[in-house]
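The values are calculated or read from the model by the stated rules, or taken from the named source; none is laboratory data. This is a predicted model, so every value here is computed, not measured. Cβ placement follows ideal geometry from the backbone for every residue including glycine, while neighbour counts extend to all protein chains displayed. These area figures cover heavy atoms from the full protein model, side chains too; ligands, DNA and RNA do not enter into them. Shrake-Rupley method; radii C 1.70, N 1.55, O 1.52, S 1.80 Å.
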Amino acid sequence: MPLPQIDPANYAAQLADKVSRYKQDFAAYGLPEPEVFASAPLHYRLRAEFRIWHHDGRIDYAMFDPAAPKTPVLLADFPPAAAPIARAMPLLRDAVQGVEALKRKLFQVEFLATLSGELLVSLVYHRPLDEAWEAAARALAAELGVLIIGRSRKQKIVLERDWLLESFELDGRQLRYQQFEGSFTQPNGEVNRHMLRWARAQAANLGGDLLELYCGNGNFTVALAPLFGRVLATEMSKTSVAAARYNLEANGVDNVTLVRMASEELSDAFAGGREYRRLQGVELAGYRFSTLFVDPPRSGLDAATLALAAGFDRILYISCNPQTLRDNVAALQASHRIAAAAAFDQFPYTHHLECGVLLARR
């Protein structure tokens, strides 16, 4: 896919085209009119990474168009970047330019920001990092007021911490989330808030207990848990599980049991398969599950998880891939209908569209 052309004048039309395609693709499955949640046209990305291009004695940020993968596109700025990243980019580049210990063999820069204004910068090198680098990096972190991590082959230097604390208001609650460098976080913070609000609105009167698969750092878990009696949530990544436990405690959520299991394993346990040590102390039969919530990877739900989903009265599904969502909806068509739908524009100026559907038993 070529590099996107960032032009706010075209944004509304591009979003309308994506929503139209979404509606056409799901027309055969009775898609209701979707709620559409637009992005800010500029300064929306909380994550960004750039190659560093060394030329004529200086460095610049660079990206590469797949149509010309060996030709760098040098960047003076990056309009999609959230305000903390946009402010820091020129200051960081100019500061690194003047310090050889920071500049030498610098290969890549990765930014992670929050809506609450924190910023973490990862500097990636093609050389081992030494005490001179660490001293210079500490001075740079103090000068810019950011967190800095240094990376090279088999080496990671964390100067202060390798995570941020996101904080924002949602439906009258102030939510806090620990977000680790290198782990998945939602790239478009304001659209993520739209997704959380929409999911809460669909779940507001469902009652019973909730099963959540692929819970990540608890992004949806923290928001949805107060609407249900009890929640059983699963996630495979150790880092994400640690963040989810922190986030549940930080937000005073005490009705969630979190287990580190793959969705296929939990589906097997529900189907009466083998006993799983990680489920010791969890009495599945004691839950009154009314709803399944899933936010799966781009590949969608596997066959075992689809079989599990078919047994739920309601399935609340957030998807980053409309094609696999359509396949999963088709597989559940005999038992479930689409009761509500939404479109979330996480990635303006691209073909990507995040989708949400509430499936209800026929």
Requested in this report: Could you work out how far the C-alpha centroid of the stretch 97-132 sits from that of the stretch 262-283, in angstrom?
Outcome: 42 Å
Requested in this report: Specify, per residue and in Å³, the volume enclosed by the convex hull of the alpha carbon atoms belonging to the stretch 1-158.
Outcome: 159 Å³
**Report entry** 24 Å Cα-Cα reach of Lys154 towards lysines, excluding residues that sit fewer than 8 places from it in its own chain
**Finding:** Lys103, Lys105, Lys238
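Would you work out what percent of the accessible area of the chain, with all protein chains in place, is carbon or sulfur (probe 1.4 Å)?
It is 51 percent, rounded to a whole number.
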Query raised in the report: Tell me, what ³J(HN,Hα) does each residue in the stretch 351-362 have, in order and in whole Hz, if you take phi through Karplus 6.51 cos²θ - 1.76 cosθ + 1.60 with θ = phi - 60° and put x for Gly and Pro?
Result: 7, 6, 9, 7, 10, x, 9, 10, 9, 10, 4, 5
Query raised in the report: From the backbone phi of the stretch 300-309, what are the Karplus-calculated ³J(HN,Hα) couplings (6.51 cos²θ - 1.76 cosθ + 1.60, θ = phi - 60°) in whole Hz, Gly and Pro given as x?
Result: x, 8, 6, 4, 5, 6, 4, 5, 5, 4
Report task. Rounding to the nearest 20 debye, state how big the charge dipole of the chain is about its Cα centre with +1 on each Lys and Arg Cβ and -1 on each Asp and Glu Cβ. Result -> 440 debye
Query raised in the report: Gap in Å between the Cα centre of the stretch 182-215 and the Cα centre of the stretch 328-348?
Result: 15 Å
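Quick one: dipole size for the stretch 1-94, taken about the Cα centre, charges +1 on Lys/Arg Cβ and -1 on Asp/Glu Cβ, in debye to the nearest 20.
Numbers: 10 positive and 11 negative charges, 41 e Å.
Roughly 200 debye for the stretch 1-94.
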**Report entry** Cleavage-rule hits (trypsin sites (Lys or Arg not before Pro)) in the stretch 62-97: DSSP loop, at most 16 neighbouring Cβ within 10 angstrom
**Finding:** Lys70
Query raised in the report: What's the Cα-based Rg to Rh of the chain, Rh via Kirkwood?
Result: 1.00
**Report entry** For the stretch 253-350, the fraction of alpha-carbon pairs in successive 5 Å shells from zero, as %
**Finding:** 2, 10, 20, 23, 17, 14, 8, 3, 1, 0
**Report entry** Overall Cα dimensions of the stretch 300-362, principal axis frame, Å, largest first
**Finding:** 38, 22, 13
Query raised in the report: Which residues' amide hydrogens lie under 5 Å from the amide hydrogen of Thr114, considering only partners 5 or more residues apart or on another chain, with H built in the peptide plane?
Result: none
**Report entry** Net charge contributed by nearby residues that have their C-beta within less than 10 Å of Ser116 (K/R +1, D/E -1)
**Finding:** -1
Query - Note, ³J(HN,Hα) from phi for the stretch 173-182, Karplus 6.51, -1.76, 1.60, rounded to Hz, x at Gly and Pro - result: 10, 9, 9, 10, 9, 7, 10, 8, 4, x
